[in-house]
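Here is the structure we will look at.
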Amino acid sequence: MKAEFWAADTFRFSVTGPGAFRFLNRAAASGVRLRRVRWQKDGYTATASGPDWRRLEEIAKSGGWAFTVTARRGPGRRTEWLLRTRPGLAAGAVLFFVLLRFLGGFVWCIDYGAMDTDLHAGVRTLLADCGIHEGVYLTKPLLQAAQAQALRRSETFGWVSLNFTGGCLSVESTPAQTQTVRDPPPRQGLYAAADGEVLAVEIESGFAVVAVGEQVTAGQPLAAAEKLDRKGNAVPQGAWGRIVARVQKQYTAAQALEYEALVYTGRSSAAETLYLPGYAHTRPAEMLLAGEEQTEWLPLRLGRLALPACICRVTTWEQQTQPVRLTDTAAVALAVRTCRAQLLRDFPDAEIEAEQRETTTENGTAAAAVTYIFTADIARAR
């Protein structure tokens with residue numbers, strides 16, 4: 001047996017000869033720790049660690065005692081052969097387990113569980129804003145702070161939990177369930193926002209003063225906030241509800257044939273930051289461009305094996321103000337679209353039944369006047 005492989009062993013030995021008890025004194029003076037010492041008729045037996053084998057043998061030889069190894073426990077013959085012929089394999093295995101133990105506190109991958117794929121980018125951005133991504137050493141306070149921040153900032157989830165085990169950060173969540181809580185209506189009435197024919201009266205609170213089939217004009221009361229009882233006393237009740245009417249109304253808009261707009265030039269430039277455990281390196285963009293920025297997080301993998309590293313790529317898409325020239329047809333279409341946008345701004349629930357357009361193009365401007373016939377809720381509180 002070669003001495004260098006005794007370091008991982010423990011062995012049992014016997015010492016015999018005259019005055020064998022002095023061997024114990026010399027061994028203790030040399031700093032050797034003996035265990036399970038048992039006295040025999042002509043000496044004793046004891047157990048020691050492999051690194052002390054050569055020192056004990058020299059002490060026995062100098063004192064004239066017989067030193068015999070009776071039992072040995074260690075890695076075994078095959079392991080010793082592997083250590084002797086392939087030491088790099090053993091060193092690699094030891095290094096692997098050391099790194100696994102050391103790198104276990106870093107984020108290797110992020111598991112989104114059953115979450116919809118469309119939500120991954122938003123959750124990734126939220127975690128990155130909290131300082132969590134692959135290659136970060138994740139501590140319990142950081143994890144708790146990120147979870148609290150996620151609950152405060154995210155309107156998509158009703159509950160979010162972050163669990164970190166063995167280098168994997170798991171995100172568990174439930175979708176938010178929105179429940180509208182409406183305050184009691186203020187003591188005010190409902191009035192018509194436009195002229196029209198009443199088609200439906202859906203009053204939830206207050207006292208309706210119009211009926212189906214009546215013609216109303218803009219500003220006319222539709223529901224009162226109080227009513228007199230039989231004794232002539234006022235009964236207050238804030239008005240709330242819908243009055244659906246058929247309305248005819250005209251909207252106008254103009255669109256210039258030439259104007260300046262912020263458009264994409266097609267050029268882009270990207271800056272990348274590489275995150276490794278305890279290290280970050282940024283490669284700046286080749287060109288400094290002004291425009292819209294897009295951030296991507298790219299986890300690094302070796303085949304199917306996730307690595308505790310990632311790249312954050314920030315791409316800037318250049319935008320510049322440039323003159324735009326529209327054709328007459330395009331300008332008219334934009335003017336008509338503006339008219340419809342005005343209608344939906346005033347009556348978001350409008351259902352258009354018919355429309356009549358009048359368009360002109362002169363002096364570099366396209367004008368549109370569109371008359372809509374639509375049904376919508378015309379009740380407005382004031």
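The values are calculated or read from the model by the stated rules, or taken from the named source; none is laboratory data. Given the structure is predicted, the values throughout are model-derived calculations rather than measurements. Using ideal geometry, Cβ is built from the backbone for each residue, glycine included, and neighbour counts are taken over all protein chains shown. Note: areas computed on protein heavy atoms with side chains; ligands, DNA, RNA excluded. Shrake-Rupley method; radii C 1.70, N 1.55, O 1.52, S 1.80 Å.
Residues checked against (1) more than 23 Å from ARG304 (Cα to Cα); (2) touching a strand residue (DSSP E or B) at 6+ places or on another chain (Cβ under 6 Å):
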| site | (1), (2) |
| --- | --- |
| HIS120 | no, no |
| LEU126 | yes, no |
| GLY131 | yes, no |
| LEU142 | yes, no |
| LEU151 | yes, yes |
| GLY158 | yes, yes |
| LEU169 | no, yes |
| THR174 | yes, yes |
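With respect to GLU172, is the statement that it is in contact with a Lys or Arg (Cβ under 7 Å, 6 or more places away or on another chain), assigned to a strand (DSSP E or B) and either over 30 Å from ALA285 (Cβ atoms) or hydrophobic (A, V, I, L, M, F, W, C) (or both) true?
Values: in contact with a Lys or Arg (Cβ under 7 Å, 6 or more places away or on another chain): no; assigned to a strand (DSSP E or B): yes; either over 30 Å from ALA285 (Cβ atoms) or hydrophobic (A, V, I, L, M, F, W, C) (or both): yes.
Considered against the rule, which asks whether it is in contact with a Lys or Arg (Cβ under 7 Å, 6 or more places away or on another chain), assigned to a strand (DSSP E or B) and either over 30 Å from ALA285 (Cβ atoms) or hydrophobic (A, V, I, L, M, F, W, C) (or both), GLU172 comes out as no.
Within the range 155-165, can one find any residue that is part of a helix (DSSP H, G or I), within 20 Å of LEU103 (Cα to Cα) and touching a Leu at 6+ places or on another chain (Cβ under 8 Å)?
So the first thing to find is which residues in the range 155-165 are part of a helix (DSSP H, G or I), and the list is none.
No.
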Those residues of the range 11-46 which are open to solvent by less than 90 Å² (accessible area, probe 1.4 Å) and part of a strand (DSSP E or B) amount to PHE11, ARG12, PHE13, SER14, VAL15, THR16, ARG35, VAL37, GLY43, TYR44, THR45, ALA46
Could you give me the residue pairs with C-beta distances under 7 Å whose first residue belongs to the range 172-185 and is among the polar types (S, T, N, Q), whose second residue is at pLDDT 70 or above wherever it lies, and which are 6+ apart or on separate chains?
SER173/MET115; SER173/PHE157; SER173/TRP159; SER173/VAL160; THR174/PHE157; THR174/GLY158; THR174/TRP159; GLN177/GLY158
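Select from the range 191-204 the residues that are buried (at least 18 other Cβ atoms within 10 Å of the Cβ), at pLDDT 90 or above and not aromatic (Phe, Trp, Tyr) and list them in ascending order.
ALA192, ALA193, ALA194, GLY196, VAL198, VAL201
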If you go through the range 350-382, how many residues are over 13 Å from GLN250 (Cα atoms), acidic (Asp, Glu) and either open to solvent by less than 60 Å² (accessible area, probe 1.4 Å) or more than 48 Å from the chain's Cα centre (by Cα) (or both)?
2
When the range 260-312 is checked residue by residue, the ones that are within 22 Å of CYS109 (Cβ to Cβ), open to solvent by 70 Å² or more (accessible area, probe 1.4 Å) and modelled with pLDDT of 90 or more are HIS281, THR295
Per-region count, the range 101-132, residues of a type outside the set (A, V, I, L, M, F, W, C), surrounded by 15 or more Cβ atoms within 10 Å (Cβ to Cβ) and outside any loop (DSSP other than H, G, I, E, B):
1
Return yes or no: is GLY105 modelled with pLDDT of 80 or more and under 18 Å from LEU151 (Cβ atoms)?
no
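Go through the range 1-19 and count every residue that is in contact with a strand residue (DSSP E or B) (Cβ under 7 Å, 6 or more places away or on another chain) and modelled with pLDDT of 75 or more.
Applying the first criterion (in contact with a strand residue (DSSP E or B) (Cβ under 7 Å, 6 or more places away or on another chain)) to the range 1-19 yields 9-17.
Still in the running and modelled with pLDDT of 75 or more: 10-17.
Here the count works out to 8.
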Based on what the data block shows, is ALA285 among the small types (Gly, Ala, Ser) and touching a Cys at 6+ places or on another chain (Cβ under 6 Å)?
no
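Output the residues belonging to the range 200-227 that are hydrophobic (A, V, I, L, M, F, W, C), more than 15 Å from ARG187 (Cα to Cα) and in a strand (DSSP E or B).
Of all residues in the range 200-227, those hydrophobic (A, V, I, L, M, F, W, C) come to 200-201, 203, 207-212, 216, 218, 222-225.
In the following step, the residues that additionally are more than 15 Å from ARG187 (Cα to Cα) were identified as 200-201, 209-212, 216, 218.
Passing the criteria: ALA200, VAL201, VAL216.
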Starting from the range 52-72, take each residue that is within 13 Å of SER14 (Cβ to Cβ) and list its partners that are open to solvent by less than 40 Å² (accessible area, probe 1.4 Å) and part of a helix (DSSP H, G or I), counting only C-beta distances under 6 angstrom and pairs at least six apart or across chains.
TRP65/PHE23; PHE67/ALA60
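Test ARG182 against the criterion of being open to solvent by 80 Å² or more (accessible area, probe 1.4 Å), farther than 30 Å from ALA306 by Cα, under 44 Å from the mean Cα position of the chain (by Cα) and at pLDDT 90 or above, and give yes or no.
Values: open to solvent by 80 Å² or more (accessible area, probe 1.4 Å): yes; farther than 30 Å from ALA306 by Cα: yes; under 44 Å from the mean Cα position of the chain (by Cα): yes; at pLDDT 90 or above: no.
It is false that ARG182 is open to solvent by 80 Å² or more (accessible area, probe 1.4 Å), farther than 30 Å from ALA306 by Cα, under 44 Å from the mean Cα position of the chain (by Cα) and at pLDDT 90 or above.
Restricting attention to the range 205-248, and to residues there that are under 17 Å from ARG380 (Cα atoms) and of a type in the set (Lys, Arg), which single residue is surrounded by the fewest Cβ atoms within 10 Å (Cβ to Cβ)? Reasoning before the result, please.
Just the residues of the range 205-248 that are under 17 Å from ARG380 (Cα atoms), to begin with: 205-211, 215-226, 237-247.
Applying the additional criterion that residues be of a type in the set (Lys, Arg) yields 242, 246.
Numbers: ARG242: 17, ARG246: 15.
The selected residue is ARG246.
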